[in-house]
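For reference, the structure is listed below as structure tokens.
Only the coordinates and a few stated rules stand behind these numbers; no lab work does. Keep in mind that what you see is a predicted model, and the values were worked out from it rather than measured. Positions of Cβ are generated from backbone atoms using ideal geometry, with glycine treated the same way; all protein chains shown enter the neighbour counts.
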Amino acid sequence: MEPEHRKTDELVAARLDRDAERELADTGSVALAVMSRMQRGAAEPKRRRVWLFAAPALAAAIVGVASLAVVLGTAGRAPVQTTTVARGETAAATETVSETGRSKRIGLITAAERLSAMLETPRDLEAEAARDTTRRIARGTARTIAQSLAILGRLSSEEPAETPPVAG
Amino acid sequence: MTSVLAQPFSLVETPRTAERGVTEDAALVRRARAGDEGAFGQLVRRYENRVLALSRRATRTRQDAEDVAQETFLRVWRALERFDTARPFAPWLLTIAVRTARSHAAREHRKRMIGLKLAEPAPPPIEPATADGTIWEEVDRLLPLTTRLALWLKHGEKLASPAIAAAIGKSETATRAIISRAHRTLRESLDKEALDGT
């Protein structure tokens with residue numbers, strides 16, 4: 001910085017210091033107003049106000065989501081066809097798979113799955129897919145509600161939001 | 001009660017008076033925490049001018065500045081449990097004041113942006129704090145909010161760069177640069193006679 005500018009900056013700083021004293025001499029009636037507001041209860045945490053708005057919204061959201069889940073669940077549930085499998089058929093399938101060299105346990109599971117897939121009608125599969133979708137939506141909604149509650153809880157406990165946590 | 005009020009507050013504190021002030025502040029805070037609103041009232045009276053002066057940096061009218069100052073003290077009251085009485089009270093209070101002032105400025109900006117003030121007349125010119133005006137009017141007219149607040153914390157509160165940086169939420173380097181740029185802006189906008197004048 002050039003010497004001339006340095007000197008001017010010092011003048012600026014000195015003037016700022018001097019005029020700050022004059023600004024500080026300006027007295028207000030803040031204390032009276034603050035004490036009055038405190039007595040009126042304006043100093044209460046905003047937590048109550050947050051819940052005042054959040055509680056009805058949360059209740060409406062829960063009711064809405066529950067209704068949606070019921071509707072989806074009912075729509076996705078199709079009549080399930082039951083099929084009786086003869087013992088001999090299951091044994092035959094098990095033996096077939098076991099002959100491929102796999103362990104008996106895996107062979108049994110695979111055989112059961114294959115048999116189940118063979119016996120299931122396309123309608124069964126559609127119904128199961130619809131139920132899966134419903135369950136996924138319900139799980140996602142529950143997660144969203146839990147996250148919303150966590151955020152609201154945090155908002156309430158952090159009141160007031162703009163104050164430093166410790167002295168600086 | 002009267003002993004605290006009777007003591008004149010000086011901006012230029014010696015280490016001894018500063019230490020005494022810290023102790024007295026801590027005692028008042030402890031009493032206020034115990035529900036003594038009178039003790040909190042003493043704290044407010046001790047610092048109201050300082051908070052009001054800082055609030056003026058973020059507002060256009062004296063009324064708005066008083067509102068910001070009031071809001072600051074109400075926030076302090078609500079957050080008093082979190083204050084560490086082993087530390088000085090003033091920097092903590094001023095940090096809350098800075099954040100309250102910023103919130104106020106942001107709120108005013110949002111109101112203008114969403115057109116709530118369309119029907120209102122243009123914002124009034126900045127009211128001078130004193131009858132004959134000070135250089136701080138130029139500061140309020142020329143510089144952005146964060147710079148005004150940083151400059152006040154330096155010249156009005158005599159805070160060191162680390163404390164200013166903590167209050168405005170910037171790094172020390174950035175804070176020093178902000179203040180340096182502010183000095184340059186004022187130097188360029190004011191002639192030498194204005195700087196020499198009172």
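Neighbouring Cβ atoms from other chains, within 10 Å of the Cβ of residues in B:162-170, number 1 on average.
Taking Lys and Arg as +1 and Asp and Glu as -1, the other residues whose beta-carbon sits under 9 Å from that of A:Ser29 total -2.
For peptide A:137-146, the mean count of partner chain Cβ atoms within 10 Å of a residue's Cβ comes to 0.
Extending 7 Å from the Cα toward the beta-carbon at both B:Ala27 and B:Ser180 defines two label points whose distance is 4.4 nm. Report the calculated FRET efficiency for B:Ala106 and A:Ala57 (r = Cβ-Cβ distance, R0 = 25 Å), to the nearest 0.05. Efficiency, from the Cβ-Cβ distance: 0.55. Sorting A:6-17, B:146-157 by average packing, meaning the other beta carbons within 10 Å per residue, from highest down gives B:146-157, A:6-17. Would you work out which of B:Ala101, B:Ile114, B:Phe73 lies farthest towards the positive end of the dipole of the range B:19-118, given +1 charges on the beta-carbon of Lys and Arg and -1 on that of Asp and Glu, about the Cα centre? Result: B:Ile114.
Treating r as the C-beta distance of B:Asp36 and A:Ser156 and R0 as 30 Å, the FRET efficiency rounds to 0.70. The modelled label-to-label distance for the pair B:Met113/B:Arg87, using points 7 Å beyond Cα in the direction of Cβ, is 3.0 nm. Peptide B:72-84 is shielded by partner chain Cβ atoms: per residue, an average of 5 of them sit within 10 Å of its Cβ.
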